[in-house]
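Let me begin by presenting the structure, written as C-alpha cells, before commenting on it.
Computed from the coordinates by the stated procedures, all read-outs in this text should not be read as laboratory data. Note that the structure is a prediction, hence the values are computed from the model and not measured. Virtual Cβ from ideal backbone geometry, glycine too; neighbours counted across all protein chains shown.
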Amino acid sequence: MLAARPTLLALLGIITACEPDDRAAICASAGPVHLLAPADSYVDVLARPAAGRTVFVLEHADGPVDTWSGLDCGAAPTLAVRGARALPAAAQLDERDDDPHTTCIDGHFFHLTLRDAQPPTIVLPDHTCGRLTPTPSGPVVVGGDVIGADQLWLLPQFPAPDGGVQIAARANRFEVQGEMLYYLDDDRGLHAHDLASGNDTLLRASVDMFQTTATHLLWQERVDGDVRPIRLIDLASGAEIDLGVFDPEVDGSFIDGRGGLTTPWLFTIPGAHVLHFPRAWAVDGEAFDLDGRRLALPLPGSPLDLLDGGAVVGVRPGDDRLFAVRPGDAEATLLDAVVAPPSNDDPAPLRIDADGVNLYLDGDLLDVPLDGGPARLLAAQVGEKRVWLDDRRLLTIFEGTLLTVDGATGRRTAHAGHVADFARLDDGALYYLVDQPGDPAHGLWYVPADAPLPAL
Amino acid sequence: MPSPRVALPLALAGTLCAAACAEPPPFCTRTRPVQVVAFTPYYADFSVAPTAAGTLLTVYPRDGAEGYFGRACGEDPLRLPSGLRLAPARVELDPRDDDPTLACDLASSRFYRIDPTGETTPQLVLPHLQCHDAVPTPRGVLVRGHRSGGAVGLLLLFPDFPDESTARTVSRDFAGRLERRDDDLYYTERSGALQVRDLATGARRRLPGRVADFAVTATHLLWREQVDADVAPMRLRDLATGADRYLGLHHVDADASPRHWQVPAPAWHFDPTGEFVLHYPGPLDQPMTAYDLSGAQVPFPAWGLPLVEDPDGAVLVTLDGGAVVVARPGRADAPPLAVALDPNAFFSPITALGGAVELVLGEGDLYRVPLAGGAPKLLARGVGSQRFWVDERHLVTLDGDELATIHTPTGSRTQLARRVMAMRPTPDGVYYLRYSGEAGRGDGVWFLSATAFIPPPILCHGEEFCD
C-alpha cells in the first residue's frame with residue numbers, strides 16, 4: 001500500500017523507492033509518494049513530462065546536474081545522464097508528445113537509452129538543436145554551423161532524417177506562424193515558406209529585420225545606412241502600410257536604460273498594436289493600430305515589459321516609480337510601487353506576469369493594480385520560489401518548509417521540511433525535493449494533481 | 001645547434017622510428033605534397049593529432065567543423081559523422097599512447113568515444129567530466145568536473161582512464177590551480193586550503209595558510225594569501241623549514257594582466273632557474289622587482305618591458321629609451337643585447353635557447369644572439385611568422401603564403417608549396433592548409449613528408465598546385 005503521509009513513505013526510499021509495477025498506483029496516489037532517495041544531495045529540480053515518461057534534471061548544491069528518467073508520474077526513475085542536462089528535445093507542438101529518448105546537449109542531438117546511464121549517442125550529426133522549432137508539419141531544425149547564417153531544414157520524421165527537406169541554404173533569422181515559416185536569407189531577402197506545400201515566396205528584398213503575428217508582418221527596409229522605413233503587411237490581403245522610419249539618431253543603440261526590451265519597434269501582445277520605443281529620453285513613444293493609425297504612447301521612463309492585455313509596464317527615472325500605459329492613453333498611470341530597474345548586478349524583485357504586476361519585497365508578495373490603486377499584500381513571508389495553486393492559495397518554500405499560504409486569510413499550512421525546490425507541471429502534478437541526506441525523507445517526492453498536500 | 005624546442009618534431013620522428021617505424025608506410029615518405037582532405041577553408045585554422053593508431057583531423061569549412069580519421073600521415077581519411085570539434089583526448093603522458101577512439105570536443109569540453117570507421121556516430125562518455133584541461137601524470141590522468149553548472153570543485157585521478165571503477169577522488173572542493181612535482185600534487189581548494197596529495201599513496205597533507213594562488217619549485221613555495229580579492233600579501237616559503245617571508249602585495253588592478261605579451265607568466269612568478277622571484281606589474285609606471293630565496297630584494301631593472309626569460313636565468317628587457325639589455329636578477333650590471341630592437345615594431349616571438357635567443361628582425365632576418373656577449377649570427381633571410389628546424393642546417397618556414405625550406409649555410413631556398421594559410425609540423429612531416437581562392441582548386445589540408453625537407457627537392461616544376 002502506498003501511504004499518504006511523507007513520513008511513512010520515506011521508509012520505502014532506498015535508491016529508487018518505487019518499482020515499475022507501482023506506476024498506476026503512484027499516479028492514483030492519495031498523497032505524496034517518495035520517488036527517489038539518492039545518495040547525493042540535490043537542491044534544484046526541473047520536471048518535464050514526455051510521451052508517458054517524466055524526465056527530471058536534478059542539480060547538486062555545488063553545480064553539476066544529472067538527468068533522471070521515470071515512467072509516468074515519475075515512477076521508478078533511473079539515472080539517464082550523469083553530469084548533463086538532457087531534457088527531451090522540444091520538437092512537438094505539445095511537449096508531452098516529445099520523445100524522451102531524443103535530447104539536446106551542448107547544441108547537438110543525442111539518443112538516450114534511458115537505462116543505466118548508457119552513453120548518449122549523437123543523432124542528426126549535421127544538425128544543431130539550439131533553435132529547434134516545432135510546427136504542424138514537423139520541427140524546423142538548423143543545420144550546419146555557419147557564421148552569420150544557417151541552413152534551415154524541415155524534418156517531418158524527426159528524429160529520423162528521412163524525408164528531410166532543406167528550406168534554405170542560408171538563413172539569418174526565422175519565425176513560424178502555423179504552417180508558414182518566414183526567414184531572412186543571406187542577401188536580406190524575406191521569404192514566406194509554406195511548410196505544408198513547400199512553396200517558397202520572396203516577399204521583400206533589402207530587409208533589415210522583421211517580426212510576425214498570425215495576421216501581420218512588421219519589417220524594416222534597408223534603403224541605406226540612415227534610411228530604414230518601417231512597414232506593416234496584412235498577411236491576408238497583402239496590403240502594406242508605412243508606419244515610420246527607423247532613425248539611427250533616435251532608435252539606434254537601443255541597449256541602454258530602456259529596460260528589458262531590446263528592439264525599438266515591436267508588436268504588443270497579442271499583436272493588436274505596433275509600439276515604437278525611441279531610445280532618446282526626450283522623445284515620447286508612439287503606437288499604431290493595425291490600420292496604421294498613430295496613437296499616443298506617453299513614456300515617462302524606461303519600458304520594462306509588455307503585458308498580455310497590451311499594456312506596457314515601465315519604471316520612471318529619478319524616483320524609480322513603476323508606470324503602466326496602453327496605446328492611446330493620454331498619459332501613463334503611475335503605480336503604487338517603487339523599484340529600481342533590473343540590472344545584472346541588482347536584479348529587481350519585480351515579477352511582471354502576463355496579466356499584472358507582482359512585487360516581491362523582503363519576503364512579502366504584493367499585487368500592484370494597473371489602475372494606480374494602492375498595492376495589496378497578497379502574502380507575507382513567502383519565498384522566492386512560489387506558484388499560485390488557485391485564486392487564493394500560494395505554494396512556496398519559506399526557510400526550507402514547503403507550505404501553502406491562503407491569500408485571503410493569511411493561514412499558513414506546512415507540508416514538508418528541508419525542502420530545497422519544487423516543480424509544478426501544467427496539469428497540477430507536483431514534484432519536490434527534500435534535501436536532508438541521512439533522513440528517510442531525503443529525495444524526490446511526487447504529489448498527483450488531484451491529491452491533497454497533507455499538513456505536517 | 002637548433003633550439004631543442006623547434007627541433008622537436010625531428011627528434012620525435014627519430015624516436016618514433018627507432019621504436020616502431022622501421023618501415024614507415026609509403027604514404028609517410030612520399031617526397032611530393034599529397035592532399036589529405038579536400039574542402040574550402042573558412043578559417044586559417046585546422047588541427048591535426050597523430051596517434052599510434054591513426055591521425056585525427058578537424059577542419060573548418062564554412063558549414064562548421066568536420067572531423068576526419070585517417071591512417072598514419074592522414075592517409076585515407078574517413079569523415080566522422082559528428083558535427084563536433086574533435087581532438088584526441090590527452091590522457092597519456094606520451095600523446096602517441098592516447099587512445100585514438102577517445103576524443104575531446106573542443107567546443108563543449110566533453111569526452112566522446114568515436115568510431116574510426118565513421119560507421120557509427122560518437123558516444124558521449126563521462127559527461128560530468130571536462131576534457132580540455134586533463135593533466136596526464138605517471139600515476140594516471142587528473143580530470144576535473146565539467147564546468148557546466150559550475151562543477152569546478154571535482155578533481156579525479158584515473159589510473160586507467162576512462163575506467164571509473166578505479167578512479168580516485170582527489171578533491172571535491174578543487175579551486176582550479178594545480179602543479180605537480182614528481183608524485184606530489186599541489187592544489188588549492190575553494191576553502192583556501194593548499195593541499196599536497198601523494199599520487200602514489202593517496203596520502204594528503206594540508207600546508208599552512210589560506211592560499212588563493214601559488215607556484216612551487218623543488219625547494220620553495222610562492223603563494224598569495226587568500227584575504228582580499230583586490231589586495232593580498234605575496235609570501236615565499238622555504239619548504240624544508242616552513243619559514244615564510246613576506247615579499248610584497250598583489251594588487252589585482254596591476255597584477256592581473258601581463259606587462260608584455262611575450263611573457264604571459266603571472267605578475268609574481270619564479271624565474272626559470274627557480275632561484276629568484278620576479279614581479280612584473282602590468283602598468284609600465286610601476287617598477288619591476290626581483291627577490292632571492294631569502295626574500296631579500298635584489299638588483300633588477302625597474303623600468304622597461306620584459307621580452308623573454310631564458311632558461312639560464314637571463315631576462316631580455318627593453319628599457320625606456322629603447323635599448324634592450326640582458327638582465328640577470330641579483331646582478332647590478334645589465335649589458336646591452338648585441339642587436340638593436342625597435343620596441344615599437346612588431347616582431348615575432350623570441351625563442352629562448354638557453355644561453356642564446358633566436359629572433360626575427362626587419363623583413364624576416366632570423367638571428368641567433370648569444371646572451372653572454374659575442375656577435376649575433378644571421379641565420380637566414382625571408383623567414384616568416386612560423387618556422388621550425390629540420391636539422392642544424394635546414395629551416396622550414398611559412399613566409400607569407402609560401403612554405404619553404406631554407407638551407408641556412410648557403411641561404412638557398414626551396415619552395416615547398418604556395419597559397420598556404422597555416423601549417424602544423426608533426427614528427428612525420430608538415431600538414432598545411434591550402435586556399436587558392438579559385439573555387440576549390442586543390443583547397444584543403446595537404447601533407448608533406450619530413451623526408452621531403454632534406455635534401456630540399458625541386459617540387460614545383462609542372463606541378464598543378466604549386467603556385
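Here are a few things to note about the model shown:
- Whether the stretch B:136-207 is rounded, prolate or oblate, judged on the alpha carbon gyration tensor where a/c under 1.5 counts as rounded: oblate
- Relative to the current alpha-carbon distance between A:Leu46 and A:Arg411, full extension at 0.36 nm per residue lengthens the span by 128.6 nm.
- Extension gain for A:Arg392 to A:Thr78 (0.36 nm times residue separation, less C-alpha to C-alpha distance): 109.4 nm.
- Panel order for B:Leu395, A:Leu46, by other beta carbons found within 10 Å of each beta carbon, from fewest to most: A:Leu46, B:Leu395.
- Chain A shape via C-alpha gyration tensor axes, a/c threshold 1.5: oblate
- Prolate/oblate/rounded label for the stretch B:237-282 (Cα gyration tensor, a/c 1.5): oblate
- Averaging Cα coordinates gives a centre for the stretch B:72-145 and one for the stretch B:151-187; these two points are 19 Å apart.
- Low-density loop positions, chymotrypsin sites (Phe, Trp or Tyr not before Pro), the stretch B:347-442 - DSSP coil, at most 15 other Cβ in 10 Å: B:Phe347
- Full extension of the segment from A:Asp224 to A:Ala25, taken as 0.36 nm per residue of separation minus the current Cα-Cα distance, would add 65.0 nm.
- The relative contact order of the stretch B:157-221, computed from alpha carbon pairs under 8 Å that lie at least 6 residues apart in sequence, is 21 percent.
- Spin-label pair B:Asp163/B:Ala372, simplified geometry with 7 Å Cα→Cβ offset, distance in nm: 5.1 nm
- Measuring max minus min along each principal axis, the C-alpha atoms of the protein assembly as shown give extents of 91, 70, 60 Å (largest first).
- Calculated mean residue ellipticity at 222 nm for the protein assembly as shown: -500 deg cm²/dmol, from DSSP H runs with n ≥ 4 weighted as -39500 (n - 2.57), summed, divided by the residue count and rounded to 500.
- Relative contact order for chain B, counting Cα pairs under 8 Å that sit 6 or more residues apart, in percent: 12 percent
- For A:Leu124, nonlocal amide neighbours, meaning residues 5 or more places apart or on other chains whose placed amide H falls under 5 Å from its own, do not occur.
- Förster-model FRET efficiency, 35 Å R0, B:Arg204 and B:Asp94, C-beta, rounded to 0.05: 0.80
- The trypsin sites (Lys or Arg not before Pro) of the stretch A:384-445 that meet both conditions, a loop assignment by DSSP and at most 15 other Cβ atoms within 10 Å of the site Cβ, are A:Arg392, A:Arg411.
- Normalised by the number of residues in the stretch B:19-116, the average gap of Cα pairs under 8 Å and 6 or more apart makes the relative contact order 21 percent.
- Only Lys, Arg (+1) and Asp, Glu (-1) charged, at Cβ; chain B dipole about Cα centre in debye: 380 debye
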